[in-house]
Structure formats: structure tokens, C-alpha cells
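The values are calculated or read from the model by the stated rules, or taken from the named source; none is laboratory data. Note that the coordinates shown come from a computational prediction; the quantities given were computed from them, not determined experimentally. Note that we place each Cβ from the backbone using ideal geometry, even for glycine, and neighbour counts take in every protein chain shown.
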Amino acid sequence: MADNLARLVCDWLTKAAHDLQNARIVSATPEGPLDTAIYHCQQAAEKSLKGWLTWRGIAVARTHDLILLIADAADDMPDFARFEEVAEILTPYISAFRYPGLTDDPMPSREEFDSALQHAQAIYDFVLNLLPPGARP
């Protein structure tokens, strides 16, 4: 059972790492669409948090709401509360730029993307450092 749990958590974090990698690759190309790259930032944070919650045996809500996921994680480990503001920033990227008419600008700025990537990476790194080696990618 413990091996299966570690493998599942590792899978969550691997998917999160892939989202971060996708965001970096897409954003590095001259015509890379930052609207899809920023979506991957939100996804990386979401999958990182779901990996942590899975590790701790906390029911993982079927949601893209990072605010809720951070609250669930912070209930278990108060240190996650430091990411509450980050969750508010990243959560809208699940849809804001994916569908027309949801934002005034159809494309995030480079600064907005760079900030989102830093936030997503911070959550990923925080979770990764909490996990034992067997549950890390």
C-alpha cells in the first residue's frame, strides 16, 4: 500500500513538473502563446497540491480552485497558508485566457506570465521538499 501511495504521489508531481516544463518551453519560443503557457502554471500548482493532499491521506476535491486546495493543505500543515495570496493569483488562470471574453486582454503580459511561473514553481518546490525521496519524481 505504501509503495502504491508513493507511486501515485510521484505521478502527481511528475505531471506538475511536466506542466512547468510545458510552460517554459511554450514561453521560450518567439511566438509562444502565453495564454496556454500560463494555464500550465495553474495546472502545475494544482497537481502539486493534489499530490501533497494525497500523500497526507486528505480527500482531494475535484476542483481547479487553488484557494480551496491551499485551505485543505493548510488545515493539515499551517505553513501552506503562506501560499493563500498565490492561490488567489493563479486560480483564475484555469479559464481566464482559455476562453474568449473572460478578460479585457486575450493574452497575459510577459510579466504576468513570469510571475505565475515563479508562483507555480514555488508551490511545486515547497511540496517536493516535504515529500520523502520515494514519493518524488
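Can you say whether F126 is surrounded by fewer than 21 Cβ atoms within 10 Å (Cβ to Cβ) and either touching a Leu at 6+ places or on another chain (Cβ under 9 Å) or over 22 Å from G32 (Cβ atoms) (or both), as far as the supplied structure shows?
Yes.
Take A81 and tell me if it is part of a helix (DSSP H, G or I), free of Cβ contacts under 8 Å to residues at least 60 places away in the same chain and within 18 Å of D19 (Cα to Cα).
Against the criterion (part of a helix (DSSP H, G or I), free of Cβ contacts under 8 Å to residues at least 60 places away in the same chain and within 18 Å of D19 (Cα to Cα)), A81 does not qualify.
Of all residues in the stretch 1-37, which are among the small types (G, A, S) and either at pLDDT below 95 or not in a helix (DSSP H, G or I) (or both)?
A2, G32
Six or more apart or on different chains, Cβ atoms under 6 Å: show the pairs whose first residue is in the stretch 88-107 and of a type in the set (S, T, N, Q) and whose second is surrounded by 13 or more Cβ atoms within 10 Å (Cβ to Cβ).
Note: pairs meeting the criteria are T91/D65; T91/L66; T91/I67; T103/A96.
Does the stretch 53-66 contain at least one residue that is in contact with a Lys or Arg (Cβ under 8 Å, 6 or more places away or on another chain), assigned to a helix (DSSP H, G or I) and without any contact (Cβ under 8 Å) to a residue 40 or more places away in the chain?
Scanning the stretch 53-66 turns up no residue that is in contact with a Lys or Arg (Cβ under 8 Å, 6 or more places away or on another chain), assigned to a helix (DSSP H, G or I) and without any contact (Cβ under 8 Å) to a residue 40 or more places away in the chain.
Sort through D11, D72, D3, D76 and tell me the only one that's over 24 Å from P133 (Cβ atoms) and of a type in the set (D, E, K, R).
D72
Taking the stretch 12-38, which residues are over 17 Å from L90 (Cα atoms), free of Cβ contacts under 8 Å to residues at least 24 places away in the same chain and crowded, with 17+ Cβ neighbours inside 10 Å?
Across the stretch 12-38, the qualifying residue is only V26.
Do any residues in the stretch 121-137 that are more than 20 Å from A2 (Cβ to Cβ) have Cβ atoms under 9 Å from those of residues that are surrounded by 17 or more Cβ atoms within 10 Å (Cβ to Cβ) and among the β-branched types (V, I, T), where the two are at least six apart or on different chains, and which pairs are they?
Listed by first residue and then by second, the contacts come to A122/V86; I123/I70; I123/V86.
Whether any residue in the stretch 35-51 is within 19 Å of A116 (Cβ to Cβ) and touching a Gly at 6+ places or on another chain (Cβ under 9 Å) is what I want to check.
No, because not a single residue in the stretch 35-51 is within 19 Å of A116 (Cβ to Cβ) and touching a Gly at 6+ places or on another chain (Cβ under 9 Å).
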